1. All but one of (1) away from the ligand (no atom under 16 Å from the Cβ); (2) among the small types (Gly, Ala, Ser); (3) in contact (Cβ under 8 Å) with a residue 24 or more places away in the chain hold for Ser131; which doesn't?
2. Take region 134-156 and flag every residue that is more than 12 Å from the ligand (Cβ to nearest atom), polar (S, T, N, Q) and under 29 Å from Ile221 (Cα atoms).
3. Since Ala111 meets every condition but one in (1) aliphatic (A, V, I, L, M); (2) more than 16 Å from the ligand (Cβ to nearest atom); (3) part of a helix (DSSP H, G or I); (4) crowded, with 24+ Cβ neighbours inside 10 Å, which condition does it not meet?
4. Across region 259-279, what is the number of residues that are in a loop (DSSP other than H, G, I, E, B), away from the ligand (no atom under 15 Å from the Cβ) and touching a strand residue (DSSP E or B) at 6+ places or on another chain (Cβ under 9 Å)?
5. How about region 179-197: which of its residues are surrounded by 19 or more Cβ atoms within 10 Å (Cβ to Cβ) and either modelled with pLDDT under 95 or outside any loop (DSSP other than H, G, I, E, B) (or both)?
6. Let me spell it out: the conditions are (1) closer than 22 Å to Asn27 by Cβ; (2) within 16 Å of the ligand (Cβ to nearest atom), and Met159 meets all of them except one. Which number is the exception?
7. Would you tally the residues in region 270-319 being exposed (fewer than 14 other Cβ atoms within 10 Å of the Cβ), touching a residue at least 60 places away in the same chain (Cβ under 8 Å) and among the charged types (D, E, K, R)?
8. Need at least 3 residues that are in contact with a Gly (Cβ under 6 Å, 6 or more places away or on another chain) per element, so show me which strands (runs of 3 or more DSSP E) inside region 1-52 make the cut, counting only ones lying wholly within it.
Amino acid sequence: MIALGIEGTAHTVGVGIVSDEAEVLANEILMYKPETGGIHPREAANHHAENVVPLVQKALATARLKGRDLGLIAFSQGPGLGPCLRTVATAARALSLTLNIPIIGVNHCIAHLEIGRGKTPARDPVLLYASGGNTQVIAFANGRYRIFGETLDIGIGNMLDKLGREMGLGYYAGPKIEKAAKEGRMLLDIPYSVKGMDMAFSGILTACLALKEKGESVEDICFSVQETCFAMLTEVTERAMAHVEKSEVLLGGGVVQNKRLQEMVARMAHDRGAEMYVPERTLCVDNGAMIAWTGLVMHRAGVRMRVEDTVVNQRFRTDEVEVTWR
Ligand code: FE2
């Protein structure tokens, strides 16, 4: 069976087509970029509405398929921004009804984990999922994907973006922060904010902005914020691995593109005798292929949804889903 998946939880609208051998036949991605400030949910939703149909056509053309070749439509049901979720859910329902094929709503966070299991040798990993809106450490235990640690306020990517914007580095500042951090020399005093197994990032943003105000250099602030926050992520991930006794760590989300973060997690994994896996970039960021693949895995395990079951859920928790496919 071939599935088409539509992603649209935040700034990215993506359409992926995947076979049941996890072969990615197409994976088209378009990102909404605000002219100023952060994401406006309504504007991002308008961007997705304008682009979702052309992206479906483009993905079908790339895969050299017709609508009638598809056996399943999957879409990101949550968590995410309400207007964006409703836009892609509407597109998915329309496709499912027109083509008369099943529809499955997929939890976005779980899709980051499943695509890693589908496309890397990881079989039972702890997922460190670090993106703009989400920061979670997830692992399978007792029939569900459980969250072992997460942010208590904003996602780490969101914090880095805001910091970058305030320091004049522009929007989606992650890569610029990474570059500036390489020139940093001083580890500045930034709060190390791990609380139990959870983390908090908004106070770190405030502390960094105060350091900027005091005249510290952008390079030193970027270096220090990376060292501090990535150590927090690595610590929580390591403790989750120890607690659930897993010997694989999988990375997912846009922030894990950062080489310094990869280096720190790789070092931790190596020291524990564990393996680290990072899917290729287009499967790490928000994308339709991970949604299509997760839909396929769920469908194969017998998951079925009526159109009434496809209502979106902005606060869709990772552990709400009963995992019947493992
Ligand atoms: Fe994501």
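The values are calculated or read from the model by the stated rules, or taken from the named source; none is laboratory data. Keep in mind the model is a prediction, meaning the values are calculated, not measured. Here Cβ is always computed from backbone atoms with ideal geometry, including for glycine, and neighbour counts include all displayed protein chains.
1. That leaves (1) as the condition not met.
2. Matches in region 134-156: Thr151 only.
3. Against the list (1) aliphatic (A, V, I, L, M); (2) more than 16 Å from the ligand (Cβ to nearest atom); (3) part of a helix (DSSP H, G or I); (4) crowded, with 24+ Cβ neighbours inside 10 Å, Ala111 comes up short only on (2).
4. So the first thing to find is which residues in region 259-279 are in a loop (DSSP other than H, G, I, E, B), and the list is 273-274, 278-279.
Restricting the remaining residues to those that are away from the ligand (no atom under 15 Å from the Cβ) gives 273-274.
Now narrow it down to the ones that are touching a strand residue (DSSP E or B) at 6+ places or on another chain (Cβ under 9 Å): 274.
Result for region 259-279: 1.
5. Result: Ala180, Ala181.
6. (1)
7. Going through region 270-319 one residue at a time, the tally reaches 5.
8. On the way: elements: 2-7, 12-19, 24-31.
Here the list reads 2-7, 12-19.
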